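Chemist: My structure is below; once you've seen it, I'll send some questions.
The values are calculated or read from the model by the stated rules, or taken from the named source; none is laboratory data. Note that the coordinates shown come from a computational prediction; the quantities given were computed from them, not determined experimentally. Cβ placement follows ideal geometry from the backbone for every residue including glycine, while neighbour counts extend to all protein chains displayed.
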4 protein chains.
Amino acid sequence: MSAVKKIAVLTSGGDSQGMNAAVRAVVRSGLFYGLEVYGIQRGYQGLLNNDIFSMDIRSVGDIIQRGGTILQSARCLEFKTPEGQQKGAQILRDRGIDGLVVIGGDGSYQGAEKLSKLGIKTMGLPGTIDNDISFTDYTIGFDTAVGIVVDAVNKLRDTMSSHERASVVEVMGRHAGDIALHAGLAAGAETILVPEVPFDLNEVADRMRQNFDNGKRHSIVIVAEGVGKGEEVVEAIKKRQPSLEPRATVLGHIQRGGSPTPFDRNLASRLGDFAVRSLIAGESNKACGMIGGEMILTDIEKVVATKKEFDMDLYELASRLSQ
Amino acid sequence: MSAVKKIAVLTSGGDSQGMNAAVRAVVRSGLFYGLEVYGIQRGYQGLLNNDIFSMDIRSVGDIIQRGGTILQSARCLEFKTPEGQQKGAQILRDRGIDGLVVIGGDGSYQGAEKLSKLGIKTMGLPGTIDNDISFTDYTIGFDTAVGIVVDAVNKLRDTMSSHERASVVEVMGRHAGDIALHAGLAAGAETILVPEVPFDLNEVADRMRQNFDNGKRHSIVIVAEGVGKGEEVVEAIKKRQPSLEPRATVLGHIQRGGSPTPFDRNLASRLGDFAVRSLIAGESNKACGMIGGEMILTDIEKVVATKKEFDMDLYELASRLSQ
Amino acid sequence: MSAVKKIAVLTSGGDSQGMNAAVRAVVRSGLFYGLEVYGIQRGYQGLLNNDIFSMDIRSVGDIIQRGGTILQSARCLEFKTPEGQQKGAQILRDRGIDGLVVIGGDGSYQGAEKLSKLGIKTMGLPGTIDNDISFTDYTIGFDTAVGIVVDAVNKLRDTMSSHERASVVEVMGRHAGDIALHAGLAAGAETILVPEVPFDLNEVADRMRQNFDNGKRHSIVIVAEGVGKGEEVVEAIKKRQPSLEPRATVLGHIQRGGSPTPFDRNLASRLGDFAVRSLIAGESNKACGMIGGEMILTDIEKVVATKKEFDMDLYELASRLSQ
Amino acid sequence: MSAVKKIAVLTSGGDSQGMNAAVRAVVRSGLFYGLEVYGIQRGYQGLLNNDIFSMDIRSVGDIIQRGGTILQSARCLEFKTPEGQQKGAQILRDRGIDGLVVIGGDGSYQGAEKLSKLGIKTMGLPGTIDNDISFTDYTIGFDTAVGIVVDAVNKLRDTMSSHERASVVEVMGRHAGDIALHAGLAAGAETILVPEVPFDLNEVADRMRQNFDNGKRHSIVIVAEGVGKGEEVVEAIKKRQPSLEPRATVLGHIQRGGSPTPFDRNLASRLGDFAVRSLIAGESNKACGMIGGEMILTDIEKVVATKKEFDMDLYELASRLSQ
């Protein structure tokens, strides 16, 4: 006996690659297990607007490979109020929808928590490129975003080597340095600046000068936006070592687009299916995550209250290998 | 106090993407910890030919992003004999090399095991696209290979949809269906044929016919080479359902080339560094693997004797989602 | 005063990348110039089935970057008969459609010619990856297909270099060696086998052996399918030079998929727009082409009757540079 | 009888993709025709430093697919003086080098002109991504740069569609809007701002607002850097239409890196070979270009003195199609 009969799915917050794969998994698993499945357009705003529609197997055909989210996303101040939450829960109840899967980041999770208190069974899926959600090793979109950054750095390397110049690349990550760290390690960046580790830009500039003097033909600095603007880092380096002439590149929203990698598609597929099975099993107010390769449920409150740990070992490995 | 002073590294067996990142990590970590590091060209054959050279930090510059292996690889029948193994160990001893990192598959691991019995401290790193080595969740190159298959299927999808045709894609994996499974799930393939799961081609053909009749515009079958030739599958399907007109695509060695994904580069970097630190700590005759995100050592004998388990849950998920 | 009021567009024959960009250009230019525009689904078969629908600006939104063709394609034996052609012309007349743009290859052009004889104003656009249509320097899809082949060869190169092995790549081109030639030149292939130039496989094998002996680390042979199967070439080389151990790769329909390059999108956009303007100007029974950068009209009969010339200069350049 | 015996090649100014393919063609064609060939490291600065080395067939092996330039590039104020030019010519004469191929932009061409006056036979090849050199339809690197921009816009589209937002993409082109135009047409950008065409940002903002109101889900503005900073355009749009919330992306030097497209490789190969054959035929002080598919020589003075014409027809086509 399933604990839910009709479920809905929405995407919320900044979009990320793989959200479509997650939506597809929720819809098809739901149908497979005999549930009715609904899509909500434009996140919580769409919920309050009653922008809800029935989904079948074909609704999610040919989307697994597409970036963005067919359900779209939007900000919604009204849903942050108790009245808005009541209204949302009522709209779902009126339609007989007893389960909801929310794909998004921390802010989106909080909405799911509120709804669960109002009697809707909810599941959160970690959809954000920043990898800043705790109790999951990876968020949906992170692997793709890292790939985009590494691809950009590869291109910069070519032209840097031709001119023996330094490059500063600003990447996403307001609170977490994970994109900077994983992309920096993979790209062989000489310097990785993240909010989690203190640094001295004068030392950075001196080491870059040293590296060129030792025969390196390029020098790449990856900066998480949580640390500061790429332009600012460029200015500080120039001031200390005017000979370096570094250039800034700001990747911006490019990092949130593009076809998801197989890793992200499969992560999203597993999580979407797991969310549906957890709802059927009677769970609610839980965040779904992958830890050590396993699907794990954690209380949303706990996930929201816990800051994700930064992988210091990996950071030190990156330093060791980029000499 | 380090248990080794001079270490060497070789790549052996079929090459895979990320081998260069692993070589770079072994060299730079070794140097970082004060060891001398040597490269051996063309695998065990190069060892017997004394084709060994000193490596410094610059020897592995600008290789992290390159496919293939700068150390090259080759078959070597002589090294399968006790005399060959004795000779190899002697050559290493004559140069004062007391540690060896071998990057390759099962066959390569067996050579490392023999050398460890002859007094050389050895470490094996899983370098193969097939993901068919036990006691590691992923092998180096697997993620990139899956990406290449999925990219190819994306391209096929376009033309299949235009013509409403079926496509059979033969991928690598003589003993393991992992590439077929992970690529099939990520590509939304309707059918995944692997050596680990029995199937009936008549049923497959009938289901494909059914799917088209239900409005699907394409139908993709992924076949691991361990199951049979793509052409044979095409013939069997045609015989049962002549209207389908499926086409075969054989991806072949393309799957072993190209720039490694960030995932593979970082996996290789972690494993290479871990192998060096394990040698320093006095370990020998061990395979390095990543299990649940952690670096783990396992006796080479045990790794070689154990067949990797197939992920049946993932296989069933793929069926559930590709309706 | 426009010579046409209502136009339709169809895609026919094998699909090619950029067909969607061409459809988009026909639709939007048509609307811009005040025409009504209709789409015909599944080529001439769709015409006979009266599978015709009105298109507006939004009908072609977000398709410029997609491979395949939203109008789909299909074979149609009936339309090769005079009765079929009469029926097709009547269906168009009944709907008041007085102009038709056909995107496809030689076979598709012949249909357009027949319809023009029956009073429908027609334009042909060269949509095929093979670049085998005369009176245009490039066909729509050719640049993308060449890119896919070159990308595949890049991947093969990595693994060939690791193992010092030879590779035989079979590419599309039944009657024309253009894909083989342009991809072979761009990929630095050592040997390019095309239907337009006689060759001796023994000489090819001997030169490959020679190249390896001279220190080359890989040897790539590109074979147009018009010359024979990749497997056959492999067998002939092996027989003459057993030490080479070449491998065959058959790219197949992958060459027809994927997002079109900017070159193909812009070529398609220019041609689609030019076709519409030519219909408005009263032209009919013409093939649109780009020659020396200019848009040119040629009688369809002449295009169909003329074999495209092979660029011998470019072929010789490829030989000169791949030493 | 060849007019030259020993030739040298250098790359100068900003690097571009395909420069390596051009270097390869110069070297291999030179050797094929019996010349001695030398490379000059770091442009005119390297010439003055006598940083000149002999090149053989293997020197340019495996570089056709690489971005950047193996000969590197550098600025050189000294070579802008008559004394510097005299010194450069003397260094070449002392080595018996009687021909020089210069790959770069306008500034690089001027150096070649000066050297030709001092008795060195010179050829200029158009190596710059900006496509701002006259008497050639395309410069080496332009096609690749356009591809990088279009790929970035594709990624932005995904996330823009999810959030119904506008995006401003700043691309290279200080004096020429060609990258913006060709990328904008291929990407289906709604607005293309180039130095060659006047515009009113208020009108742009109003049209964007209109498009969203008409149901478009994204709006992309491509800005050539010659027109102004992306950030400035964003501010102007926000001021007029605060509801749009556009974001700026600055692609920067990424546009100059990455593996060259087949088009650029083949263009570079043809031009490099043509330069060598022209030197052998006794030509000097000429720029090599491709016009209407043909290889054409033009006096360097004329090329430098002529501003490249902007393709207004293509610009208007882009407007017509992006409604």
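Chemist: Being more than 10 Å from every other protein chain (Cβ to nearest Cβ) and among the small types (Gly, Ala, Ser) is the filter; apply it to region A:222-257 and report the residue that is nearest to residue A:172 (Cα to Cα).
Modeler: If we take residues in region A:222-257 being more than 10 Å from every other protein chain (Cβ to nearest Cβ) and among the small types (Gly, Ala, Ser), then A:224 is nearest to residue A:172 (Cα to Cα).
Chemist: Still on this structure: Would you mind telling me which numbered condition in (1) within 14 Å of chain D (Cβ to nearest Cβ); (2) part of a helix (DSSP H, G or I) residue A:103 fails?
Modeler: Tallying (1) within 14 Å of chain D (Cβ to nearest Cβ); (2) part of a helix (DSSP H, G or I), residue A:103 fails exactly one: (2).
Chemist: Sticking with this one: Looking at (1) at pLDDT 95 or above; (2) surrounded by 24 or more Cβ atoms within 10 Å (Cβ to Cβ), which one does residue C:200 not meet, given that it meets all the others?
Modeler: (2)
Chemist: Shifting gears a bit: Select from region D:147-190 the residues that are facing chain A (nearest Cβ under 8 Å) and of a type in the set (A, V, I, L, M) and write down the one among them that is farthest from residue C:259 (Cα to Cα).
Modeler: Ranking the qualifying residues of region D:147-190, first place goes to D:160.
Chemist: Okay, moving on. Could you please find all residues in region B:137-146 being closer than 16 Å to residue B:288 by Cβ and more than 14 Å from chain C (Cβ to nearest Cβ)?
Modeler: Of everything in region B:137-146, those that are closer than 16 Å to residue B:288 by Cβ and more than 14 Å from chain C (Cβ to nearest Cβ) turn out to be B:137, B:138, B:139, B:142.
Chemist: Would you confirm, using the coordinates I've provided, whether residue A:290 is outside any helix (DSSP H, G or I), of a type outside the set (Ser, Thr, Tyr) and within 26 Å of residue A:194 (Cβ to Cβ)?
Modeler: Criteria met by residue A:290.
Chemist: Identify all residues within region B:293-323 that are assigned to a helix (DSSP H, G or I) and among the basic types (Lys, Arg); write none if there are none.
Modeler: B:302, B:320
Chemist: Looking only at region D:130-151, filter to residues that are outside any helix (DSSP H, G or I) and among the acidic types (Asp, Glu); which one of those is nearest to the chain's Cα centre (by Cα)?
Modeler: D:130
Chemist: Answer yes or no: is there a residue in region B:60-75 that is surrounded by fewer than 21 Cβ atoms within 10 Å (Cβ to Cβ), more than 30 Å from residue A:182 (Cα to Cα) and over 17 Å from the mean Cα position of the chain (by Cα).
Modeler: Looking through region B:60-75, none of the residues is surrounded by fewer than 21 Cβ atoms within 10 Å (Cβ to Cβ), more than 30 Å from residue A:182 (Cα to Cα) and over 17 Å from the mean Cα position of the chain (by Cα).
Chemist: Identify the single condition in (1) touching an Asp or Glu at 6+ places or on another chain (Cβ under 7 Å); (2) surrounded by 24 or more Cβ atoms within 10 Å (Cβ to Cβ); (3) not assigned by TED's automatic domain parsing to the domain that holds residue C:244 that residue C:121 does not satisfy, given that it satisfies every other one.
Modeler: Result: residue C:121 passes all but (2).
Chemist: Please determine whether any residue of region B:101-120 is under 17 Å from residue B:301 (Cβ atoms), of a type in the set (Val, Ile, Thr) and in contact with a strand residue (DSSP E or B) (Cβ under 7 Å, 6 or more places away or on another chain).
Modeler: Yes: one or more hits.
Chemist: Go through (1) in contact with a helix residue (DSSP H, G or I) (Cβ under 7 Å, 6 or more places away or on another chain); (2) more than 14 Å from chain A (Cβ to nearest Cβ); (3) of a type in the set (A, V, I, L, M, F, W, C) for residue D:76 and report which single condition fails.
Modeler: (2)
Chemist: While we're on this one: List pairs: first residue in region C:283-307 and within 14 Å of residue C:137 (Cβ to Cβ) and within 11 Å of chain D (Cβ to nearest Cβ), second residue of a type in the set (Val, Ile, Thr) and crowded, with 18+ Cβ neighbours inside 10 Å anywhere in the structure, Cβ distance under 7 angstrom, at least six positions apart or on different chains.
Modeler: C:290/C:136; C:291/C:136
Chemist: Taking region C:152-168, which residues are within 28 Å of the chain's Cα centre (by Cα) and of a type in the set (Ser, Thr, Tyr)?
Modeler: Once the filter is applied, which keeps residues that are within 28 Å of the chain's Cα centre (by Cα) and of a type in the set (Ser, Thr, Tyr), region C:152-168 yields only C:167.
Chemist: For the list (1) under 24 Å from the mean Cα position of the chain (by Cα); (2) touching a residue at least 24 places away in the same chain (Cβ under 8 Å), I need the number of the one condition that residue A:206 fails.
Modeler: Status for residue A:206: all satisfied but (1).
Chemist: Examine region A:252-265 for a residue that is among the β-branched types (Val, Ile, Thr), modelled with pLDDT of 95 or more and surrounded by fewer than 21 Cβ atoms within 10 Å (Cβ to Cβ), and state whether such a residue exists.
Modeler: no
Chemist: Please indicate, with yes or no, whether at least one residue in region D:126-136 is surrounded by fewer than 24 Cβ atoms within 10 Å (Cβ to Cβ), away from chain A (no Cβ under 14 Å) and not polar (S, T, N, Q).
Modeler: Yes, there is a match, as at least one residue in region D:126-136 is surrounded by fewer than 24 Cβ atoms within 10 Å (Cβ to Cβ), away from chain A (no Cβ under 14 Å) and not polar (S, T, N, Q).
Chemist: Being closer than 13 Å to residue C:140 by Cβ and more than 11 Å from every other protein chain (Cβ to nearest Cβ) is the filter here; which residues of region C:23-38 pass it?
Modeler: The one that is closer than 13 Å to residue C:140 by Cβ and more than 11 Å from every other protein chain (Cβ to nearest Cβ): C:23.
Chemist: Which is surrounded by fewer than 24 Cβ atoms within 10 Å (Cβ to Cβ), within 30 Å of residue B:29 (Cβ to Cβ) and modelled with pLDDT of 95 or more, of B:278, B:269?
Modeler: B:278
Chemist: While we're here: For residues in region B:39-58 being within 19 Å of residue B:5 (Cβ to Cβ) and modelled with pLDDT of 95 or more, which is nearest to the other protein chains (Cβ to nearest Cβ)?
Modeler: Residue satisfying both the conditions and the ranking: B:56.
Chemist: A follow-up question, please. Identify all residues within region D:173-187 that are touching an Asp or Glu at 6+ places or on another chain (Cβ under 8 Å) and buried (at least 23 other Cβ atoms within 10 Å of the Cβ); write none if there are none.
Modeler: Of everything in region D:173-187, those that are touching an Asp or Glu at 6+ places or on another chain (Cβ under 8 Å) and buried (at least 23 other Cβ atoms within 10 Å of the Cβ) turn out to be D:173, D:176, D:177, D:178, D:179, D:181.
Chemist: Tell me, yes or no, whether region C:262-274 has at least one residue that is more than 14 Å from chain B (Cβ to nearest Cβ), in a helix (DSSP H, G or I), touching a strand residue (DSSP E or B) at 6+ places or on another chain (Cβ under 6 Å) and of a type in the set (Gly, Ala, Ser).
Modeler: Taking every residue of region C:262-274 in turn, at least one turns out to be more than 14 Å from chain B (Cβ to nearest Cβ), in a helix (DSSP H, G or I), touching a strand residue (DSSP E or B) at 6+ places or on another chain (Cβ under 6 Å) and of a type in the set (Gly, Ala, Ser).
Chemist: Taking the conditions exactly as written (farther than 30 Å from residue C:250 by Cα and either within 8 Å of another protein chain (Cβ to nearest Cβ) or of a type outside the set (D, E, K, R) (or both)), does residue B:219 satisfy them or not?
Modeler: no
Quick grid of which residues meet (1) out of contact with any strand residue (DSSP E or B) (no Cβ under 8 Å at 6 or more places or on another chain); (2) outside any helix (DSSP H, G or I):
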position	(1), (2)
A:25	yes, no
A:28	yes, no
A:31	no, no
A:37	no, yes
A:44	no, no
A:47	no, no
A:50	yes, yes
A:58	yes, no
A:62	yes, yes
